[in-house]
Ligand code: PEP
Ligand code: MN
């Protein structure tokens with residue numbers, strides 16, 4: 001259930017509603033909007049009696065929420081959420097471009113890539129320190145050393161950073177270093193990890209699982225919001241299908257679909273979505289045209305030597321060309337890049 005407050009409701013009115021919810025043994029989640037505050041109620045097993053709230057001062061409307069997700073829905077918050085990642089807005093008029101290597105392999109590789117993507121116009125830097133690899137014999141990332149290098153890249157380039165957090169054990173450690181915590185496709189439904197990140201309160205970039213429906217993606221996001229973390233960025237990165245001409249099938253229709261039902265920003269990752277360097281720029285153009293809030297792009301100065309995801313990594317000069325095209329396209333969508 002959602003309680004929508006009157007535009008003129010006072011902080012005291014909101015507090016009274018929250019208290020009433022809590023007295024019923026439920027959790028209240030006030031979501032301040034531009035015009036008015038909505039208060040989401042979670043923790044109920046069945047329907048909540050609207051009468052308990054309807055007549056409280058400042059309450060405009062009590063809306064039963066039929067969809068399984070509540071806090072992520074547009075019913076809870078009409079206007080788009082803009083997440084600040086180290087001061088860089090994701091979800092606003094400027095497209096967010098998150099770029100960098102799949103994995104941080106060395107200080108030289110990480111910093112060189114950072115400098116090149118920044119120069120080309122990336123707004124955030126990404127690089128994996130803890131890598132989820134299909135084979136236990138593949139490079140697993142530099143771990144803590146990788147996080148220290150990530151700090152250096154931020155210092156050198158000034159770009160806020162995104163890196164993957166794989167488990168609850170390392171969540172605090174990763175959060176000490178990165179501005180935004182990526183939950184990878186393989187972990188999208190790791191509910192204990194999601195709950196943990198919901199409590200850490202750092203922005204989270206939540207990637208769609210490789211066989212997850214949009215409803216499942218939104219319910220995973222709901223875990224984060226239900227714990228109190230509203231700084232959630234969604235990411236479409238392709239799903240597994242019968243098609244084998246690309247690594248995954250990039251589901252661009254997810255973007256307008258998500259935007260209709262959720263206020264959360266959504267990025268597109270054509271690198272993992274296609275797995276092929278030559279396909280990354282065309283699908284980036286398509287992602288901007290479909291209305292994505294930004295892109296996630298893997299870049300490597302020497303892809304043939306990359307320790308992970310080399311075939312999909314763009315050379316820095318290819319990334320610069322991609323940015324040039326994105327800058328030309330963005331105004332068509334009322335955006336800048
Ligand atoms: C990554 O971003 O490098 C990654 C492993 O992505 P995904 O979780 O989408 O496979
Ligand atoms: Mn990768």
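Any read-out appearing in this document is the output of simple, stated calculations on the displayed coordinates, not a laboratory observation. This is a predicted model, so every value here is computed, not measured. Neighbour counts are summed over all protein chains in view; Cβ atoms, including those assigned to glycine, are modelled from backbone coordinates with ideal geometry.
Structure summary
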item: On Cα atoms only, tilt of 277-290 relative to the major axis of the chain in degrees; result: 30
item: Helix axis angle, 316-329 relative to the chain longest principal axis, alpha carbon, degrees; result: 40
item: Choice from 33, 46, 184 with maximal GNM fluctuation in the chain (Cα, 10 Å cutoff); result: 46
item: Euclidean distance between Cα centres, region 174-252 to region 90-138, Å; result: 17
item: Which of 126, 16, 45, 247 has the fewest Cβ neighbours within 10 Å, and the rest in rising order; result: 45, 16, 247, 126
item: Angle in degrees between helix 144-157 and the longest Cα principal axis of the chain, rounded to the nearest 10; result: 90
item: Packing-based exposure ordering (other Cβ within 10 Å, fewest first) of 66, 27; result: 66, 27
item: D (Stokes-Einstein, µm²/s), Kirkwood Cα radius, region 145-187, 0.890 mPa s at 25 °C; result: 230
item: Which of 3, 41, 111 has the fewest Cβ neighbours within 10 Å, and the rest in rising order; result: 111, 41, 3
item: Rounded to 5, the percent of DSSP beta bridges in the chain classed as antiparallel; result: 40
item: Coordinate range along principal axes, alpha carbons of region 1-140, Å, largest first; result: 63, 36, 23
item: Fraction of alpha-carbon pairs over 32 Å apart in the chain - percent; result: 30
item: Cα-projected label distance for residue 191 with residue 19, points at 7 Å along beta-carbon direction, nm; result: 3.3
item: Spin-label model distance (nm) - residue 261 vs residue 324, 7 Å beyond Cα toward Cβ; result: 4.1
item: Paramagnetic reach from residue 79 in region 1-44 [backbone N under 19 Å; point 7 Å along Cα→Cβ]; result: 3-11, 14, 30-40
item: Region 185-337 - convex hull of alpha carbons, volume per residue in Å³; result: 119
